[in-house]
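Accompanying notes for the structure given below.
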Amino acid sequence: MGAAGAIRRAASAAFDRACAGARGFRRALARFAPRPSAFAPAADAEAAAVRAVRNLRTFRFHYAVLQWALLLASLAPRHRASVVFLMAASKGLLVYGGLLKAFPNSALLRRLLDRRLVAAVFVALVLADIVAAGAVANLLAALAAGVPIIVLHASFRVRDDLEGPLPEGAAENGKEDETSAVVEKKEDGDVEAGPTRRSMAVAPRSPK
C-alpha cells in the first residue's frame with residue numbers, strides 16, 4: 001500500500017508539472033504570436049528599427065528558444081551525441097538561471113558566476129562541440145532559417161497589447177495630480193497678474 005501510494009503521488013506530481021509546463025508554453029506562445037492583428041508594418045524605417053530593438057529585448061528568451069530548437073533539429077539526424085551534449089549544457093544553464101531566480105541577492109553567484117561569464121562559457125562550449133562534430137553547416141542552416149523569422153517578428157510585432165491598462169488607483173492619482181497642477185497654475189497666474197492689475201490702477205492725486 002505504501003509503495004502504491006508513493007507511485008500515485010509521484011505520478012500525480014509529474015502530471016501536475018506537465019500541465020504547468022503546457023500552460024506556461026501556451027502562455028508564452030500566445031504572447032509571442034497572439035493574433036494576426038498584433039502584426040503590422042511600421043510607419044517608416046526608423047520606427048521599424050526602434051520597434052525591432054524593443055522587441056529583441058522583450059522576446060529575447062523566445063528568440064533564443066526558437067534558434068536553439070532549430071539548431072537541435074538540424075543536428076538530430078546525424079549528430080545525436082552533439083544533441084545530447086547540448087541538451088545537457090542547456091540543463092546546466094537552466095539550473096544557473098533557477099539559482100539566480102531563487103537567490104537574486106546572492107553576492108557569491110554574482111561575483112564568481114557572472115551572467116556574462118556563464119553566457120560566454122556556454123557559447124564557447126556550443127561552438128567547440130559543433131566544430132568538433134563537423135556540424136558547422138548545420139549551425140549555418142539553423143541560423144539561415146531562424147534569423148529571418150526573428151527579424152520579421154521583431155519588425156512587425158506591435159507592442160500595444162504588451163502594456164496592460166493602468167490600475168484604477170493609478171488613474172485616479174493621475175487625475176488628481178493633473179487637477180492640482182491646473183489649480184496651481186491658475187493660482188500662479190493670479191499671483192502674477194495681481195501686481196500687474198494693481199500697478200495699472202493709479203490712485204488719483206489730490207490737486208494742489
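Sub-6 Å Cβ pairs linking a first residue in the range 110-129 that is of a type in the set (F, W, Y) to a second residue that is assigned to a helix (DSSP H, G or I), at least 6 apart or interchain, are F122/L93, ordered by first then second residue. Of the helices (runs of 4 or more DSSP H) lying entirely inside the range 78-140, those carrying at least 2 residues that are open to solvent by less than 80 Å² (accessible area, probe 1.4 Å) and β-branched (V, I, T) are 115-133. Among the residues of the range 44-66, those identified as buried (at least 17 other Cβ atoms within 10 Å of the Cβ) and of a type outside the set (S, T, Y) are R51, A52, N55, F59, H62, L66.
The values are calculated or read from the model by the stated rules, or taken from the named source; none is laboratory data. Owing to the predicted nature of the structure, the values given are computational and were not obtained by experimental measurement. FYI the Cβ positions are ideal-geometry reconstructions off the backbone, even for glycines, and counts take in every protein chain you see. The accessibility values were calculated without ligands, DNA or RNA, using every heavy atom of the protein model including side chains. Shrake-Rupley method; radii C 1.70, N 1.55, O 1.52, S 1.80 Å.
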